[in-house]
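Engineer: My questions all concern the structure below.
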Amino acid sequence: MKTKPSWAFFLTWLIAYTLLDILLEALLHSRLAWAQLPGALEGALLGATLTWFFALFRWYKAQDRF
């Protein structure tokens, strides 16, 4: 990884995970429940945070080689 993960990286994954959660909810339950949005955001926030920390770890690991 050449650049340090930024807020744009975090927000991109937050939006992607939120949309994926909403899409899966609609496909599995055949309805779009807006009441599930806080739960989708909570899971997406956790997923985006873990993804960002993993990318940050990989960036630090790549920097140690130079």
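Engineer: Length gain on complete extension for the stretch residue 24 to residue 59, per 0.36 nm per residue less the alpha carbon to alpha carbon distance?
Structural biologist: So the extension gain works out to 9.5 nm.
Engineer: Mind checking the chain for trypsin sites (Lys or Arg not before Pro) that DSSP puts in a loop (not H, G, I, E or B) and that have at most 15 other Cβ atoms within 10 Å?
Structural biologist: 2, 31, 65
Engineer: In degrees, nearest 10, range 0 to 90: what is the angle between the Cα axis of helix 7-29 and the longest Cα principal axis of the chain?
Structural biologist: Helix 7-29 and the main axis of the chain meet at about 30 degrees.
Engineer: Can you compute the helix-only [θ] at 222 nm over the chain? Use -39500 (n - 2.57) per DSSP H run of at least 4 residues, normalise by all residues, nearest 500 deg cm²/dmol.
Structural biologist: -27500 deg cm²/dmol
Engineer: Follow-up question, since we're still on this one. Using only Cα atoms, find the angle between the long axis of helix 37-64 and the longest principal axis of the chain, and express it within 0 to 90 degrees, rounded to the nearest 10.
Structural biologist: 10 degrees
Engineer: For the chain, what does the accessible surface come to per residue with a 1.4 Å probe? Please give it in Å².
Structural biologist: Counting only protein heavy atoms, the per-residue value for the chain is 81 Å².
Engineer: Carbon and sulfur: what percent of segment 22-66's accessible surface (1.4 Å probe)?
Structural biologist: That fraction is 68 percent.
Engineer: Which value, to two decimals, describes the C-alpha radius of gyration of the chain once divided by 2.2 N^0.38 Å?
Structural biologist: Compactness ratio reported: 1.40.
The values are calculated or read from the model by the stated rules, or taken from the named source; none is laboratory data. The structure presented is a predicted model; accordingly, all values stated were derived computationally and were not measured. Here Cβ is always computed from backbone atoms with ideal geometry, including for glycine, and neighbour counts include all displayed protein chains. What goes into the accessible areas is simple: the full protein's heavy atoms, side chains included, and nothing from ligands, DNA or RNA. Shrake-Rupley method; radii C 1.70, N 1.55, O 1.52, S 1.80 Å.
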